[in-house]
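Bear in mind these aren't lab numbers, they're just calculated from the coordinates by the rules spelled out. This structure is a prediction, so every number in the text was calculated from the model and none was measured. Using ideal geometry, Cβ is built from the backbone for each residue, glycine included, and neighbour counts are taken over all protein chains shown.
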């Protein structure tokens, strides 16, 4: 296998780097660099800039409105955006809803939703987990009862990323009580501004507002907004989870953090010498970088098959599992580099609500917040234990 990029691919990479330098709003870049919580306006502004360039739906085919990139170009585009200091996108519309509508949606659903996803006019979130149904997703209880041309939805969803920034949710709901739990699950597209929807914030230990819990009280959803047939939700959910776990942004975010670790180690001193010259630090830094480079190659292979009309195999679970481990190792190394200066956790500062002067370099105060956030990556999106079971059964063929 030749892993070297061609001349045209290198030219494309350079074009992406120039675009980020010229078009990423400085205030958004500053927030990203300093770990400040981003708001709906921040995400939407940057996503609309990418939409205007035609770079928002990187995993869509050109015939569907995507940029028509090669796997290498997709990989470079997503990576260079993050390495250039751009924020991680609220990608549920392009990464998940779009592919599932292209595969399972009606002509009317495609016409209604896909154009606004491509322009970033509408932002989506994912309604999967519930208080009693996380990794055991088949146990979900949020109920949808058919009432003429509508479903009436009652129940709750939890740990919903960026629901406070979203216009719509694609949700798994229970439409029947079957002997096999998976057979009674259906996908609905829910307007979060509909009567009866209540979105409540969940502030996590890092001090930021990532997650939410939603309550549905007799929320009416048109049957026309059901994706697929009743009871097909589990099949669609597995298809969607493959696309979620094939996302390589976690790899590139870890790479960005590790690059920052290297820069800080050149500035910080131990025993009168730069930290980067310390033998123990160099060993640990090199070990993490090797793991990250191997993971990057795995992400590239998975991304090559993660098109809107292609199923993603069990290798996505390998990527998800290792991404969590490596991401945690990178953030642990970052916190250790900051030492005592990196320990304070100040929520107001992280949320951009403090005018207090930083103690030490201004990059230090976000270290503990990012470290604590990374601890949840081995749970979110399917716990590491679940990924191990998938790998054991589907890759290793174990009983």
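Please arrange 255, 320 by how many other C-beta atoms lie within 10 Å of their C-beta, fewest to most.
255, 320
Could you tell me the ratio Rg/Rh of the chain? Both radii from Cα atoms, Rh via Kirkwood.
0.97
Arrange the peptides 72-78, 386-392, 124-130 so that the one whose residues have, on average, the most other Cβ atoms within 10 Å appears first.
124-130, 72-78, 386-392
Roughly what % of DSSP beta bridges within segment 131-212 run antiparallel, to the nearest 5?
95 percent
Quick check: Cα centre of segment 246-283 to Cα centre of segment 166-225, how many Å?
40 Å
How do 211, 216 rank when sorted from fewest to most other Cβ atoms within 10 Å of their own Cβ?
Taking fewest neighbouring Cβ atoms as first place, the list is 211, 216.
Can you sort 21, 168 by how many other beta carbons sit within 10 Å, fewest first?
Ascending number of Cβ neighbours within 10 Å: 21, 168.
For segment 39-103 and segment 136-164, what is the centre-to-centre distance using only Cα atoms, to the nearest Å?
A separation of 27 Å, based on Cα centres.
Just the number, please: percent antiparallel of the DSSP beta bridges in the chain, rounded to the nearest 5.
Of the beta bridges lying entirely in the chain, close to 85 percent run antiparallel.
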